[in-house]
Amino acid sequence: MENNMKKVYAICEKALHSGNLSKEEIILLLQCPEEQSDIIFQTADAVRKKEVGDQVHLRGLIEFSNYCKKNCEYCGIRGKNKSIDRYRLSQEEILQTAIRAESLGYRSVVMQSGEDPFFTAEILADMISTIKSHTDLAITLSAGEFSYDEYKIIKEAGADRYLLRFETSSEELYQKLHPDSDFHQRIKCLHILEELGYQVGSGFMVGLPGETPEILADNLLLLQKLDLDMAGIGPFLPNSDTNLAGAQGGTLINSLKAVAIARLLLRNAHIPATTAMGSLDPKGREKALQAGANVVMPNVTPEEFREMYQLYPNKICLRDDPAHCRKCITGKIQGLGRTVSTEHGHSLKIDRI
Ligand code: 5AD
Ligand code: SF4
Ligand code: FES
């Protein structure tokens, strides 16, 4: 044990200067006991400060449709879940929500939905060019898998960024959890997005049933291999409307370690303190911000729809209006001695923009 702790210190010392960690080293960090993991968080915090500074970028999250044709086993809005009401914001509601986000001081929005067949690439392109012509917002889309040509239409309409998590690096586990998706297609989408000039974000959930330390380490190495601009990591939270209702779910400590190691590996990528982290623990987002994260994505979806967009249970901010969340999160960020960025928060990888 003593010996392992020495190794953890040595790995952290090395990681201050270089993101080249081996799979064995990552597993060692993942397995170090909770009471000794502060050194990993402190190292990630130091790398975060050096690489991306003290600014925290805010992205206003607009959940514009909870229709989904897919049936990911863990997800509360999977198509086969008949116990939720479905909604779709109109183009006008979407535009007004984006304008509202900008007036609250956001420089960037994330437009997220299930894989809703109504929102074809053409309609999404129209949505994005409309928002672009009325605001100066940077726009991230997170609406699932499309073909090369479809992603191209959306990019040409003005989308800056795209989020598509690979969810797990294990092909076997991926196939088990995604009855209507293919792991290789998922990775192909990420390559297409990069080729088309999007700033690309991906990521995974921590604690999916069947996940091993090896898989978790491979998830982190896959983030690095993909050379992502943004990496989103959050705990898996079992949803009672799914077959995984009785599963264990991800823990805070493992999720924080995954965020911290992602910072060590990815250096200057944007890494959010995810809403799932805040839903697992009241201080989850703050803890992530002190363990490598530099982005928060507060919800700006109109209140009446929020209840219906619950991928997982106990989601925070369900009854808080966007102005309240904006103030709340600013207070939390400043309380940590950090500042809220007033810029678009584009990728820091120089070849991307
Ligand atoms: N718990 C935590 N995260 C979830 N997501 C979907 N369902 C859950 C859940 N039950 C995540 C997935 C998806 C993102 C939008 O939300 O990683 O990519
Ligand atoms: Fe649909 Fe995304 Fe949920 Fe899968 S994770 S069911 S694609 S909303
Ligand atoms: Fe929504 Fe704090 S961010 S209430």
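The values are calculated or read from the model by the stated rules, or taken from the named source; none is laboratory data. Keep in mind that this is a model prediction, so the values were computed, not measured. Please note: Cβ atoms are built from the backbone with ideal geometry, for glycine as well, and neighbour counts cover all protein chains shown.
Which of the residues that make up region 269-292 are under 20 Å from Ile139 (Cα atoms) and more than 15 Å from ligand 1 (Cβ to nearest atom)?
Ala269, His270
Would you pick out the residues in region 266-313 that are within 21 Å of Asn254 (Cβ to Cβ), among the charged types (D, E, K, R) and within 12 Å of ligand 3 (Cβ to nearest atom)?
Across region 266-313, the qualifying residues are Lys283, Arg285, Glu286.
List the residue pairs whose Cβ atoms are under 9 Å apart, where the first residue sits in region 277-299 and is assigned to a loop (DSSP other than H, G, I, E, B), the second is of a type in the set (Phe, Trp, Tyr), and the two are 6 or more positions apart or on different chains.
Partner pairs satisfying both residue conditions: Gln290/Phe41; Ala291/Phe41; Gly292/Phe41; Pro298/Tyr106.
Would you tally the residues in region 152-166 being within 16 Å of ligand 2 (Cβ to nearest atom) and out of contact with any Lys or Arg (no Cβ under 8 Å at 6 or more places or on another chain)?
3
Output the residues belonging to region 87-122 that are within 16 Å of ligand 2 (Cβ to nearest atom), surrounded by 16 or more Cβ atoms within 10 Å (Cβ to Cβ) and assigned to a loop (DSSP other than H, G, I, E, B).
Tyr87, Leu89, Gly114, Glu115, Asp116, Phe119 - these are the residues of region 87-122 that are within 16 Å of ligand 2 (Cβ to nearest atom), surrounded by 16 or more Cβ atoms within 10 Å (Cβ to Cβ) and assigned to a loop (DSSP other than H, G, I, E, B).
Looking only at region 1-24, count how many residues are over 21 Å from Val52 (Cβ atoms), touching a helix residue (DSSP H, G or I) at 6+ places or on another chain (Cβ under 8 Å) and surrounded by fewer than 20 Cβ atoms within 10 Å (Cβ to Cβ).
5
Among the residues in region 54-65, are any of a type in the set (D, E, K, R), within 16 Å of ligand 3 (Cβ to nearest atom), out of contact with any Gly (no Cβ under 7 Å at 6 or more places or on another chain) and farther than 28 Å from Gly207 by Cβ?
No, region 54-65 contains no residue that is of a type in the set (D, E, K, R), within 16 Å of ligand 3 (Cβ to nearest atom), out of contact with any Gly (no Cβ under 7 Å at 6 or more places or on another chain) and farther than 28 Å from Gly207 by Cβ.
Could you identify the single residue in Asp149, Asp136 that is at pLDDT 95 or above, away from ligand 1 (no atom under 16 Å from the Cβ) and not in a helix (DSSP H, G or I)?
Sole residue among the options that is at pLDDT 95 or above, away from ligand 1 (no atom under 16 Å from the Cβ) and not in a helix (DSSP H, G or I): Asp136.
Is it the case, given these coordinates, that Ala143 is within 13 Å of ligand 1 (Cβ to nearest atom) and touching a residue at least 12 places away in the same chain (Cβ under 8 Å)?
When the stated conditions are applied, Ala143 passes them.
Can you confirm whether region 169-181 contains a residue that is assigned to a strand (DSSP E or B), free of Cβ contacts under 8 Å to residues at least 40 places away in the same chain and among the hydroxyl-bearing types (Ser, Thr, Tyr)?
The answer is no, given that none of the residues of region 169-181 is assigned to a strand (DSSP E or B), free of Cβ contacts under 8 Å to residues at least 40 places away in the same chain and among the hydroxyl-bearing types (Ser, Thr, Tyr).
Can you work out which of the residues in region 301-329 that are touching a residue at least 60 places away in the same chain (Cβ under 8 Å) and either away from ligand 1 (no atom under 16 Å from the Cβ) or outside any loop (DSSP other than H, G, I, E, B) (or both) is surrounded by the most Cβ atoms within 10 Å (Cβ to Cβ)?
Per the criteria, the residue is Pro322.
Look through region 330-353, keep the residues that are of a type in the set (Gly, Ala, Ser) and part of a helix (DSSP H, G or I), and return whichever of them is farthest from ligand 3 (Cβ to nearest atom).
Gly335
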